[in-house]
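A quick write-up on the structure given underneath.
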Amino acid sequence: MTVLAAIRPDDWNFPLFIHVLSAMVLFGAVVLAALAVAGNTQAGLRLGFRSLLIGAIPAWIAMRLSAQWIASKENLLDEDVEVPAWVDIGFITSEGSFLFLVAATVCAGIAARRGRGGGLRTATVVLVGITIVAYVVALWAMSTRPV
């Protein structure tokens, strides 16, 4: 017989809420950046840069810290505990995507400062697109929890 739902302790609710909220803000900021930068306007470049700098990077930090907080409460950081696959997928996608976020922010900032897009606009869209794909994979892993 399988367990359909597990009841977690109440003291896990706040870090889980922060984790889910910051992950939603992160995903929204990255999608906003992709759509704004993909447009062919100077205002779109500035909006994309600001959404990455002010929205995505702080949300990533909050999401990652709250994920670590939850993992420590669930004792998943102990060496003798086998970590579930969905936790590994979440850690891999979050840590790898941070490099893409920083690179996309730098590219968008330089493109916005120069006043034209060109290759930097394309690079920003590609980098942000890669992070969106990674976040969709992480969302799938967190919601389906593969073994």
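The values are calculated or read from the model by the stated rules, or taken from the named source; none is laboratory data. Everything numeric here is computed off the predicted structure, so don't read it as measured data. Heads up, the Cβs are rebuilt from the backbone with ideal geometry, glycines too, and the neighbour counts pull from every protein chain shown. Areas reflect the complete protein model, heavy atoms only, side chains present, ligands, DNA and RNA absent. Shrake-Rupley method; radii C 1.70, N 1.55, O 1.52, S 1.80 Å.
If you plug the beta carbon distance of Asp11 and Ile92 into 1/(1 + (r/R0)^6) with R0 = 25 Å, you get a FRET efficiency near 0.40. A simple packing score, the average count of other Cβ atoms within 10 Å per residue, orders the peptides 86-94, 55-63 as 55-63, 86-94, with the highest score first. The chain has equivalent-ellipsoid semi-axes of 34, 14, 13 Å, by the square roots of 5 times the alpha carbon gyration tensor eigenvalues, sorted largest first.
Two tests apply to each whole DSSP H helix in the chain, Cα reach of 18 Å or more along its axis and mean Kyte-Doolittle hydropathy of at least 1.0, and the ones passing both are 13-38, 85-114, 119-144.
Quick one: plug the Kirkwood hydrodynamic radius of segment 78-147 (C-alpha pairs) into Stokes-Einstein at 10 °C, 1.306 mPa s, and report D in µm²/s. Translational D for this selection: 117 µm²/s.
For the listed peptides 117-128, 133-144, a ranking on the average number of other beta carbons within 10 Å per residue, highest first, reads 117-128, 133-144. Solvent exposure of the chain amounts to 60 Å² per residue of accessible area, where only protein heavy atoms count and the probe is 1.4 Å. Computed over protein heavy atoms with a 1.4 Å probe, the carbon and sulfur contribution to the accessible area of segment 9-147 reaches 70%.
Shown here for segment 43-146: GluC sites (Glu not before Pro) in loop regions (DSSP other than H, G, I, E, B) with at most 14 other Cβ atoms within 10 Å, namely Glu79, Glu82.
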